[in-house]
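Asks: Structure incoming, see below.
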Amino acid sequence: MKSQTHLLGFILLSSTVTTWSQNSGTVEPPALPAASVTLSIRPQVTRSIEGHTDLERHRYFALAHGGKNFEKQTAEGKRYQELVEELDISFGRDLGPVRSVVRWTKSVREDEARPGHADLAFLKEQLGSQDHQDSPKLTRDFSPNLEVAAHGLPGGYPEFMGQWMPEEAKKSGHGHRPPVIPVNTEAAAELAAAVLDHNFTDLTRPRYFEPINEPHWSFLLNSPERIANWHLETKKAVSARTPEVLVGGPCNAVGNFYRNDYQAFNGVRKFMDNTANGLDFYSLHTYDYHSWNGQNFGGMILSGLPLEGIIDLVPNYTLISQGKACSIVISEQGGYAASGNGDSNHDLILKVAEEVIERKEGESEFDYALRARSIHDFLHINSMVANALVFMDHPQTVLKAVPFVLLHSANWDPKYYAVLYAPRDFEQNGKDWVPTGLHNYYRLFAGVNGRRIDATSNDPDVMCRSFVDGNKLFVIAHNLSRKPEKLNLDLSISQPNNLQVRRLSQNEDLTLSYREEQTEAMLHDLAPQETIVFVAEFAAPIAEEKHFNETIHYGGKVMVPAGTSIPLTVPNPAEVKEATLRIGFHLPKAENKSLVIKLNGKEIPNQVEDSAARFVDKEGAYSSCRIIKIESSLLQENNSVEVLSTVDEKVTIGSAVLRTLRPL
């Protein structure tokens, strides 16, 4: 899936402001009108979620790289030091671990004694002769394991195991990578397990394994038993050899399961039903698909509130169908610009740039292209940020969520968009790597760590997450809407000794802007779709005074029409101090986006988000998630939720979830 970029000049504007800008630093974000959004931050109050207290950075700030050869690939200059030691980047995604052994080594041959199977003794001998020495730096910085999610490529298994695909997949035109899966699934599972055992060390061995990357939809809808059985065979074989490797799937290409009144969930749902409780996790990719309308980028937007509803729905479904809320792995996430007419991402952005960016006198074509492609850098980072903030609030469910950012692609497509470095002049196999604007995703979150604390926003459009690490307080605010806001940071403790503000936003010409500045102000302008990270330092460590745990209570029904009573059980409701109701929903024609939401027969006020217009697709359908603070006194042990349209429009409710906060 996916496209490209450039990292910007480092400009010291004054003793207090540092700016990286794709654009010379002369174009600033537009002036902002006043509005009022308050972030209420209580650093002394710890907020765990189902017992998960600390931010686990490796889950959200990884690079789409498997770790092998990373030190060698970053040896020039100070790249390792910058990426690992300064930006604290971890590892996230590896592609085709079995295919790489089958295709690029001479380690796989058919076993004469077992036709259709690989000769495992020969495989072990051949792979054992290779150099699997771990990098000293990686060992120092990432032991005991790199925590990588690896997925296989279609057609990654030897032909002697047989190859099969449904008729619909044959017509899909996938070219050199036809969407085939092995016929002899037992032999394929055995081979995958042996590769994971012998071709990795304890450090580099993937933590998560998906047998196939983005299978064609027909495998899930029309052949669910066949692909499910392959995954179950793989889980059995891998667990026997390397039980530390978790196996799941189906690595679905998209996560917009709300489409067509949640009919888009049918393929993954069939896969779940056919693998019931037999896998370690279920997996999908979460992308926004941005399209240019001549004024701004719209399209199919999943990040933010729509994704909240999906990450509730998936474990809610397995709790009902399998008796257990499942874990999820997101092995790719981000945002992708597409024209719909066959343009490459690179060419599409250059066309948009001709409409909105003025060329500079004497600017080279390469420098102009990188500056233009920072338009896409912003789109990709903006989606990755909104996705990551959702995942951070679901640590009990989302085990790993990998931003789709490669180290580089100079050897196969030098103009590819999702890279930290582009080769100068887009030279094939170029050695002069030029940093791209995607560094700013990691720069924005550099050092963010610690225990999760109580932090709330009074506006559904402004996502807020906050953490305390010793004497440092981190507050993340992300504006989902195209409406500017005036942001008030309301701290329950004294003014910090030092307050840094990191801003990631767009310039007027849509290029990416990243700034860091020192301030004493608690009131800040928040531009449309801007992300701000506040880094506050105090004289002494911030002590915990209270600790609450948030418990998830899933509804007893999913994907039901409006008016259906959805049961929700909350044990010991008198102990609950705070409660939040979450409603994921879909309207096929969103002329009116208002909903009537009732809890135990009492109507609960709820607000249509300003970002709702961004969540309407080209067919006019609208999907989102209402997240509503409710009075804990309204809770009973056995609750019911009902949702209706205010104008009798069709509404489908994906999930209804209550989150309750109790003292520990």
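Asks: Quick one: is Pro567 in a strand (DSSP E or B) and open to solvent by 30 Å² or more (accessible area, probe 1.4 Å)?
Replies: yes
Asks: Related question: Please go through region 74-84 and pick out each residue that is over 16 Å from Pro423 (Cβ atoms), in contact (Cβ under 8 Å) with a residue 12 or more places away in the chain and either loosely packed, with under 14 Cβ neighbours inside 10 Å or touching a Lys or Arg at 6+ places or on another chain (Cβ under 8 Å) (or both).
Replies: Tyr80, Val84
Asks: Still on this structure: Contact list please: Cβ distance under 9 Å, first residue in region 537-566 and of a type in the set (S, T, N, Q), second residue modelled with pLDDT under 95, pairs at least six apart or on different chains.
Replies: Asn549/Leu664
Asks: Right, next: Tally the residues that are at pLDDT 95 or above and not basic (Lys, Arg), restricting the search to region 390-417. Write out each step before concluding.
Replies: At the first step, the residues of region 390-417 found to be at pLDDT 95 or above are 390-407.
Still in the running and not basic (Lys, Arg): 390-399, 401-407.
Summing the residues that are at pLDDT 95 or above and not basic (Lys, Arg) in region 390-417 gives 17.
Asks: For region 134-144, how many residues are out of contact with any helix residue (DSSP H, G or I) (no Cβ under 7 Å at 6 or more places or on another chain) and part of a helix (DSSP H, G or I)?
Replies: Going through region 134-144 one residue at a time, the tally reaches 4.
Asks: Consider Leu196 against the criteria (1) crowded, with 20+ Cβ neighbours inside 10 Å; (2) modelled with pLDDT under 95; (3) within 26 Å of Lys236 (Cα to Cα): it satisfies all of them except one. Which criterion is unmet?
Replies: (2)
Asks: Now for a separate question. Checking Ala574 against (1) in a loop (DSSP other than H, G, I, E, B); (2) open to solvent by 30 Å² or more (accessible area, probe 1.4 Å); (3) under 29 Å from Ala455 (Cα atoms), which test does it fail?
Replies: Exception for Ala574: condition (1).
Asks: Looking at region 614-638 only, could you name the residues that are more than 32 Å from the chain's Cα centre (by Cα) and either modelled with pLDDT under 95 or not in a loop (DSSP other than H, G, I, E, B) (or both)?
Replies: Selection gives Ser633, Leu634, Asn638.
Asks: Are any of the residues in region 108-121 buried (at least 22 other Cβ atoms within 10 Å of the Cβ), part of a helix (DSSP H, G or I) and within 36 Å of the chain's Cα centre (by Cα)? It would help to see each step written out before you state the result.
Replies: Within region 108-121, the subset buried (at least 22 other Cβ atoms within 10 Å of the Cβ) is 108, 118.
With part of a helix (DSSP H, G or I) added as a condition, the list becomes none.
Among the residues of region 108-121, not one is buried (at least 22 other Cβ atoms within 10 Å of the Cβ), part of a helix (DSSP H, G or I) and within 36 Å of the chain's Cα centre (by Cα), which makes the answer no.
Asks: Please work out which residue is nearest to Val462 (Cα to Cα), limiting yourself to region 279-300 and to residues that are in contact (Cβ under 8 Å) with a residue 60 or more places away in the chain, in contact with a helix residue (DSSP H, G or I) (Cβ under 8 Å, 6 or more places away or on another chain) and open to solvent by less than 10 Å² (accessible area, probe 1.4 Å).
Replies: Result: Asp288.
Asks: Can you tell me which condition Ile375 does not meet? The list is (1) surrounded by fewer than 24 Cβ atoms within 10 Å (Cβ to Cβ); (2) in contact with a strand residue (DSSP E or B) (Cβ under 8 Å, 6 or more places away or on another chain); (3) assigned to a helix (DSSP H, G or I), and all the others hold.
Replies: (1)
Asks: Here is a follow-up. Would you check which residues across region 490-545 are among the charged types (D, E, K, R), under 25 Å from Ile357 (Cα atoms) and assigned to a strand (DSSP E or B) and list them?
Replies: Going residue by residue through region 490-545, those that are among the charged types (D, E, K, R) are 490, 502-503, 508-509, 515-517, 520, 525, 530, 537, 544-545.
Now narrow it down to the ones that are under 25 Å from Ile357 (Cα atoms): 502-503, 508-509, 515-516, 525, 530.
Scanning region 490-545 gives Arg502, Arg503, Arg515, Glu516, Asp525.
Asks: With the condition being among the basic types (Lys, Arg), out of contact with any Phe, Trp or Tyr (no Cβ under 6 Å at 6 or more places or on another chain) and in contact (Cβ under 8 Å) with a residue 12 or more places away in the chain, I'd like the helices (runs of 4 or more DSSP H) fully within region 145-248 carrying at least 3 qualifying residues.
Replies: 224-241
Asks: For Val570, which of the numbered conditions (1) in contact with a helix residue (DSSP H, G or I) (Cβ under 8 Å, 6 or more places away or on another chain); (2) under 27 Å from Thr46 (Cβ atoms) fails to hold?
Replies: Checking Val570 against (1) in contact with a helix residue (DSSP H, G or I) (Cβ under 8 Å, 6 or more places away or on another chain); (2) under 27 Å from Thr46 (Cβ atoms), the one that fails is (1).
Asks: What do you reckon, is Val419 crowded, with 20+ Cβ neighbours inside 10 Å and under 22 Å from Arg47 (Cβ atoms)?
Replies: Considered against the rule, which asks whether it is crowded, with 20+ Cβ neighbours inside 10 Å and under 22 Å from Arg47 (Cβ atoms), Val419 comes out as no.
The values are calculated or read from the model by the stated rules, or taken from the named source; none is laboratory data. Since the model is a prediction, treat every value here as computed from it, not as a measurement. Note: ideal-geometry Cβ built from the backbone for every residue, glycine included; neighbour counts use all protein chains shown. Only protein heavy atoms, including side chains, enter the accessible area calculation; ligands, DNA and RNA are left aside. Shrake-Rupley method; radii C 1.70, N 1.55, O 1.52, S 1.80 Å.
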